[in-house]
Amino acid sequence: TVDVAALPRSAALQRQDAALQRRCQLDGGDDYELLFSAPPQQANAVRAAAQAAGVPVTPIGRVDAEPGLRLREADGRVANALARSFDHFAMTAAAPALPRG
């Protein structure tokens, strides 16, 4: 479950209207961020390691037992994610199949 309001935004993105910010955050690509998960009881250790490494870490959600991506809005509403990013491996009419073997 991703807390949409917690997603980091660059200064340039923060100057854009809310709809564009959301589209860029959820549908955009080329963001070059590392995403990882850690057990909640390790939160202090993660923060300490990040501080020691001089790397910012932003909690953006949690891993739930039920599979699937959900987006939690600032008001607490949760919805299944409908956003789709670019799929480099999707087969399209414009992309010929690679030979196998």
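The values are calculated or read from the model by the stated rules, or taken from the named source; none is laboratory data. What you are looking at is a predicted structure, and each value in this text was computed from that prediction instead of being measured. Quick reminder, even Gly has a Cβ in these numbers, built from the backbone with ideal geometry, and neighbours come from all protein chains shown. Ligands, DNA and RNA are stripped out before the accessible areas are found, and what is left, the full protein with its side chains, is counted by its heavy atoms. Shrake-Rupley method; radii C 1.70, N 1.55, O 1.52, S 1.80 Å.
Filter the range 8-18 down to residues that are open to solvent by 70 Å² or more (accessible area, probe 1.4 Å) and more than 14 Å from the chain's Cα centre (by Cα) and give me whichever is farthest from L34 (Cα to Cα).
The initial filter retains those residues of the range 8-18 that are open to solvent by 70 Å² or more (accessible area, probe 1.4 Å), namely 8-9, 14-18.
Among the residues that remain, those that are also more than 14 Å from the chain's Cα centre (by Cα) are: 14-18.
Numbers: Q14: 21, R15: 24, Q16: 24, D17: 26, A18: 24 Å.
Only one residue fits best here, namely D17.
Which pairs have Cβ atoms under 6 Å, sit 6 or more apart or on different chains, and link a residue in the range 43-64 that is in contact (Cβ under 8 Å) with a residue 40 or more places away in the chain to one that is surrounded by 13 or more Cβ atoms within 10 Å (Cβ to Cβ) and not basic (K, R)?
As it stands, the answer is I60/V2; I60/D3; I60/L7; G61/T1; G61/V2; G61/D3; R62/T1; D64/T1, since those pairs meet every condition given.
Of the numbered conditions (1) touching a strand residue (DSSP E or B) at 6+ places or on another chain (Cβ under 6 Å); (2) loosely packed, with under 13 Cβ neighbours inside 10 Å, V2 satisfies every one except a single condition; which is it?
(2)
Going through A12, A45 one at a time, which residue ends up being modelled with pLDDT of 95 or more and over 17 Å from R72 (Cα atoms)? So that I can check it myself, show each step before the final result.
On the way: A12 fails: modelled with pLDDT of 95 or more.
Among A12, A45, only A45 is modelled with pLDDT of 95 or more and over 17 Å from R72 (Cα atoms).
Can you tell me which residue within the range 47-58, out of those that are open to solvent by 100 Å² or more (accessible area, probe 1.4 Å) and not charged (D, E, K, R), is farthest from the chain's Cα centre (by Cα)?
Here is the first cut: in the range 47-58, the residues open to solvent by 100 Å² or more (accessible area, probe 1.4 Å) are 47, 51, 56.
Pick out the ones that are also not charged (D, E, K, R) and you get 51, 56.
Details: Q51: 22, P56: 15 Å.
Looking at the filtered set, the residue picked out is Q51.
Select the helices (runs of 4 or more DSSP H) contained entirely in the range 1-70, then report the ones holding at least 2 residues which are of a type in the set (S, T, N, Q). Explain how you work it out, then say what you get.
Numbers: elements: 11-14, 18-27, 43-53.
It comes to 18-27, 43-53.
So, in the range 59-101, of the ones that are open to solvent by less than 100 Å² (accessible area, probe 1.4 Å), over 18 Å from the mean Cα position of the chain (by Cα) and at pLDDT below 65, which residue ends up nearest to R23 (Cα to Cα)?
Applying the filter and picking the extreme gives T92.
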